[in-house]
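Working notes, structure below.
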Amino acid sequence: MGRNVAEWVTTVDHKRLGILYILYSLVFLVIAGIEAIIMRIQLMHAHNDFVSPQVFNRMFTMHGTTMIFFVVMPVLFGFANYLVPLMIGARDMAFPRLNAFSFWLTAFGGILLYFSFVGGSGLYGAGNAPDVGWWAYAPLTSRAFSPGHSSDYWTVALLVSGFGSMGPA
């Protein structure tokens, strides 16, 4: 079993990387679905107190970010990694190690984004998710509206994921 896991972790095969991308996006689809359910329960009727307004804003930010950067893009890369070399008759992608490195950068970006729940307020406080909306406009990212380091984790996670998304392109 350990050898099989090591083969999947160190693979440079385009088919296995495509499967890893798709499985990765499905995991984050479940996470984003849970966030969507929380938001929909809050919106079921007026004056619902299922979650606070701050938690709703955090769920909104995390759901939007997760769906775009950690579900839609990885599933597209997964299908492209799996199918394009087969469709053009190539044995593999042009740079297989870069392709694998890109997957692991994207995976690290998703883990880093959700690490903000733990480390968002620094080492001594309880973390929280970023609540800057989908676009992170300047007033929402300032210290007055977004205390702690959760917006920093959000920004770094998107940067790492962005670098990861440039490899398979």
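Since every read-out is calculated from the coordinates, none of them should be taken as a lab result. Treat the numbers as computed from the prediction; the structure is a model and nothing was measured.
What number do you get for the chain when its Cα radius of gyration is normalised by 2.2 N^0.38 Å, N = residues?
On the way: Rg = 18.1 Å, N = 169, 2.2 N^0.38 = 15.5 Å.
Ratio of Rg to 2.2 N^0.38 Å for the chain: 1.17.
Using the Karplus curve 6.51 cos²θ - 1.76 cosθ + 1.60 with θ = phi - 60°, work out ³J(HN,Hα) for each residue of the range 159-164 in order, rounded to whole Hz, and write x for Gly and Pro.
3J(HN,Hα) across the range 159-164, in whole Hz: 5, 5, 5, x, 5, x.
If you average the sequence gap of Cα pairs under 8 Å that are 6 or more apart and divide by the length of the range 24-129, what percent do you get for the contact order?
In percent, rounded to a whole number, it is 24.
Pick from Y137, Y153, Y114: which residue has the top mean-square fluctuation in a GNM of the chain where Cα pairs under 10 Å get a spring?
Greatest mean-square fluctuation among the candidates belongs to Y137.
Please compute the volume of the convex hull spanned by the alpha-carbon atoms of the range 1-63 and report it per residue in Å³. Show your work: numbers first, answer last.
Numbers: hull volume 7.0 nm³, N = 63.
Residue-normalised Cα hull volume stands at 111 Å³.
Nearest 10 degrees, 0 to 90: what angle lies between the long axis of helix 96-119 and the longest principal axis of the chain (Cα atoms)?
Result, in degrees: 20.
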